[in-house]
1. Just to confirm my numbers, what's the Cα centroid distance between region 36-109 and region 151-218 in Å?
2. With θ set to phi - 60°, apply the Karplus curve 6.51 cos²θ - 1.76 cosθ + 1.60 along region 122-137 and write out the HN-Hα couplings as whole Hz, x wherever there is a Gly or Pro.
3. Considering Cα pairs under 8 angstrom that are at least six residues apart, work out the relative contact order of region 188-266 and quote it in whole percent.
4. Kindly write out, for region 71-81 in residue order, the coupling ³J(HN,Hα) from the Karplus curve 6.51 cos²θ - 1.76 cosθ + 1.60 (θ = phi - 60°), rounded to whole Hz, with x marking Gly and Pro.
5. What ³J(HN,Hα) values, in whole Hz, does the Karplus curve 6.51 cos²θ - 1.76 cosθ + 1.60 give for region 157-163 when θ = phi - 60°, with x put for Gly and Pro?
6. As an exercise, identify the trypsin sites (Lys or Arg not before Pro) in region 56-136 lying in DSSP coil whose Cβ has no more than 10 other Cβ atoms within 10 Å.
7. Sorted by packing (mean other beta-carbon atoms within 10 Å per residue), highest first, where do 80-93, 114-127, 254-267, 135-148 land?
Amino acid sequence: MRLSKILVASAVLLGLALPATAEWPERPVRIVVPYGPGGGVDGFARPIAARLQEELGQPFVIDNRAGAGGTIGVLNAARSEPDGYTLLSGGVHQPMAEALYPRRGYRIDVDFVPIGITAVVPNVLVVNPQAGLADLRDLMARLRAAPDSLTYCSSGNGTSQHVIAEMFLRETGLRMTHVPYRSTAPAMNDLLAGTCPMMFDGMGTSAAQIAGGRLRALALTVRHRSALFPEIPTMAEAGGPAMEAGTWYALWAPAATPAPIVARLRAALRRALASPEVARVWQQQGAETGNVPDDRLDAYVRAETARWSGLVTALGLTAD
């Protein structure tokens with residue numbers, strides 16, 4: 001008999017109140033992904049869900065709820081019972097959305113408790129090979145000669161693809177037209193088809209396309225090269241501005257989730273991230289595991305929220 005069941009029986013016999021968390025989880029746990037299937041958040045959430053299921057003995061089910069830059073899904077998670085049966089998978093996109101959607105109905109750094117930073121990837125400027133853009137200098141020269149002559153696609157307003165592209169444009173003084181999609185998958189489909197010429201994508205969703213030659217990588221938007229693709233230059237090396245703008249992913253629970261459940265989730269997540277299965281997927285996607293200690297998670301999310309919401313405001317971006 002499991003120790004927890006022995007404790008349950010003892011509590012009943014002694015007439016003691018039984019903590020509500022003693023048997024958690026007793027049923028499936030829902031992980032809200034506030035974007036569509038096939039994007040970076042979804043791609044990093046699914047391997048973790050599979051490992052958490054192994055660790056904790058109950059299904060961890062992905063619930064994709066896309067729309068409004070991720071705010072629809074995040075609000076759904078924020079309004080859920082804080083009982084450990086609803087989690088949120090997101091990332092740097094959530095701090096970015098704070099300034100874009102002022103009436104979203106929640107605050108990521110107040111209404112949620114972070115379970116852990118799960119992955120960190122560089123963003124990469126990728127182009128369709130048929131777009132005729134040989135390298136970053138070629139792209140910049142074309143835009144200087146004909147401002148707004150090119151478009152870039154993203155998974156939506158307020159996502160990292162959008163904000164990081166606008167950072168690049170501000171630093172260079174160039175202009176392009178933004179074409180937002182509902183999620184990464186349809187944007188990537190149009191990029192591969194040539195309907196959209198370029199995207200500032202997270203490495204996680206572009207790695208396989210770069211490796212297969214279906215996309216050409218012009219530059220990384222971080223200060224160091226990728227171990228997976230050491231041949232791809234950084235922005236500064238390619239002749240553009242020095243940038244430090246990657247994408248991190250995280251797992252959260254509603255803020256009032258009982259501390260014992262949060263502690264158990266954090267321990268299970270650490271084991272999941274250390275597993276060979278997850279490590280292999282992360283390597284294939286050019287990702288590193290997040291290394292923020294548990295006692296620094298709240299401060300990290302607060303700092304990132306201040307940083308990215310401030311930048312979005314400075315860039316003058318709106319959610320229209």
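Each reported figure results from applying straightforward, stated rules to the coordinates on display, with no laboratory input. The model shown is predicted, which means the values in this text are computed figures rather than measured ones. Using ideal geometry, Cβ is built from the backbone for each residue, glycine included, and neighbour counts are taken over all protein chains shown.
1. The two parts, judged by their Cα centres, are 22 Å apart.
2. Rounded to whole hertz, the list is x, 8, 9, 7, 10, 10, 5, x, 7, 6, x, 10, 6, 7, 5, 4.
3. Once divided by the residue count of region 188-266, the mean separation gives 19 percent.
4. Here the 3J(HN,Hα) series is 6, 5, x, 5, 5, 4, 5, 5, 8, 7, 4 Hz.
5. Once θ is set to phi - 60°, the couplings for region 157-163 become 4, x, 7, 4, 4, 5, 5 Hz.
6. Hits after loop and neighbour filter: Arg103.
7. Listed from highest to lowest mean packing, they are 114-127, 80-93, 254-267, 135-148.
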